[in-house]
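These notes concern the structure reproduced below.
The values are calculated or read from the model by the stated rules, or taken from the named source; none is laboratory data. Worth saying up front: this structure is predicted, and the values here are computed from it rather than measured. Reconstructed Cβ throughout: ideal geometry from the backbone, glycine too, with neighbour counts over all protein chains shown.
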Amino acid sequence: MPALDTPVKFVRGVGPRVSEMLAEKGIQTAEDLLYHLPFRYEDRQNPRSLDELKPGEVASVIGEVRGAMLMRTRRGPIYEITLGQGRFAMKCLWFHAAYLDGKFHAGQSVAVYGKVEPSRSTSNFKMIQPQFEILPDASDDAETRLLEVGRITPVYESLGGSRLASRWQRKVIFNLLEGMRGAVPECLPRAMLERLDLPDRETALREVHFPPEGTSFARLQSASAPSHRRLIFEELFFLELGLELKRRRMKERKGIAFTATDKVREAIREVLPFHPTAAQKRALGEIVADMRAPNPMRRLLQGDVGSGKTIVAFQAMIVAMENGYQTALMAPTEILATQHYLAARKLLERSSRKPRIVLLTGSLDDDRKRTNRGLINRGEANLVIGTHALIEEKVEFDRLGLVVVDEQHRFGVLQRFKLMKKPNQPEPDVLVMTATPIPRTLALSLYGDLDLSVLDEMPPGRMPIVTRRVPSEQAEQVWTFVRKQVALGRQA
């Protein structure tokens, strides 16, 4: 009897050669194969009849091949079959499909799935480039016929050409589930399943691949059947569990315990250009509390454009700099990095301590880069602002204490860690800023390893931001509008 960790080559119907093809798709065990789920279903219990089709709808149709031919045209070969049901017929066409020549012959039962379009020929409708499957005939074994017709049939992404298409997968997965009947171990607590009214793991896997009679076809297609809900919950549960373990391990690492003395508070006060909002005070309080802890901070600061995220981040940087550490701000584009650099210079010129601010981007000339890298290495640069250039091998910080990452979802997680990791030093604190409005529950899912601070109010006098989505063909109108707004002294 196979187990979930059985190498896939030992699964009935696979073998060593096919297992190599499956490995390229990330399928190495019986469990991997069972979690290769259908991407859609075909209702072969109640297939649509040709006389009830409507132009524009997407439908599954089963019919008999009445004729097939390959037509040579100046634009390339077109393969056409006529599919019939009683006195009704439909054309199916595939472009550049000489490879289909000889595949269909009169009398075959074929299932097609595609968009229904009106036809000007003798048939009522046509489908262009439909997905298709040739259904079993009397020469196929009973098991194949059982899996292919008279039921809701799963359709899978191919695992390697026509040989490992849906029909092969249905047979192998069906046999695997039969071989493991009663032996698929549960991975979620029974009480949790009962409370959430979710099926057990084996039932969910069996029903997601081979839905029982009476299952709602609409719920299957929308992946909201009980079997889907169970597997989706399972995936999210283990994602969140992994993030919680990651968070706990982070709490055990050695970080920097910054101090927030009167001297630090005075340094923040002297650069503030305006009285902070209650939301900014609250967010800074949460950030500073994290920075004072002896383990590394990992916090997400979320707020709309104009809510004052950058000023909060600069205040956190002042805390780090007043404690004798360097800070880094990483932006996804050179334009944004330069904007931050200019904003930092304008803000921190008010400071009596005059921290040294350095810009490091890919477009700087080699001499300037070399000079700035030297300042960073020797610890003479207090605040370093840049793009991906900050994580190049040649960049070595002397005493990095705080990393601020703007729009972190535009960077790889590995890049974030590459910037933080320096040998023989405690890990710097990390503050991630995003203007993307993320619902709190989604934020916990996407950034479960980060604590969350939200700026939910605008500074007084801020004009509301208007966001519009415009198709590319109206680009010239957009630029005309932008030029006009800028000419009036507004920002766009």
Yes or no: Gly374 touching a His at 6+ places or on another chain (Cβ under 9 Å), free of Cβ contacts under 8 Å to residues at least 40 places away in the same chain, more than 24 Å from Ala267 (Cβ to Cβ) and not aliphatic (A, V, I, L, M)?
no
Ser162 meets each of (1) assigned by TED's automatic domain parsing to the domain that holds Pro55; (2) at pLDDT below 85 with one exception, condition (1)
The lone condition His340 fails out of (1) surrounded by 21 or more Cβ atoms within 10 Å (Cβ to Cβ); (2) more than 19 Å from Leu452 (Cβ to Cβ); (3) touching a Gly at 6+ places or on another chain (Cβ under 8 Å) is (3)
Among (1) assigned by TED's automatic domain parsing to the domain that holds Leu431; (2) among the aliphatic types (A, V, I, L, M); (3) without any contact (Cβ under 8 Å) to a residue 60 or more places away in the chain, there is one condition Met458 misses while meeting the rest; what is its number?
(3)
List the number of the failed condition for Leu198; all other conditions in (1) at pLDDT 85 or above; (2) under 27 Å from Ser19 (Cβ atoms); (3) among the aliphatic types (A, V, I, L, M) hold.
(2)
Please indicate, with yes or no, whether at least one residue in the stretch 352-361 is in a loop (DSSP other than H, G, I, E, B), of a type in the set (D, E, K, R) and modelled with pLDDT of 90 or more.
yes
Flagged in the stretch 250-270 as surrounded by 11 or more Cβ atoms within 10 Å (Cβ to Cβ) and under 39 Å from the mean Cα position of the chain (by Cα), in numbering order, are Met250, Lys251, Arg253, Lys254, Gly255, Ile256, Ala257, Phe258, Thr259, Ala260, Ile268
Restricting the stretch 323-333 to residues that are more than 25 Å from the chain's Cα centre (by Cα) and farther than 14 Å from Thr310 by Cβ, the one surrounded by the fewest Cβ atoms within 10 Å (Cβ to Cβ) turns out to be Gly324
Among the strands (runs of 3 or more DSSP E) contained in the stretch 26-118, which hold 3 or more residues that are touching a residue at least 60 places away in the same chain (Cβ under 8 Å) and not small (Gly, Ala, Ser)?
40-43, 109-118
So which of Ile27, Ile128 is within 26 Å of Arg151 (Cβ to Cβ) and out of contact with any Gly (no Cβ under 6 Å at 6 or more places or on another chain)?
Ile27
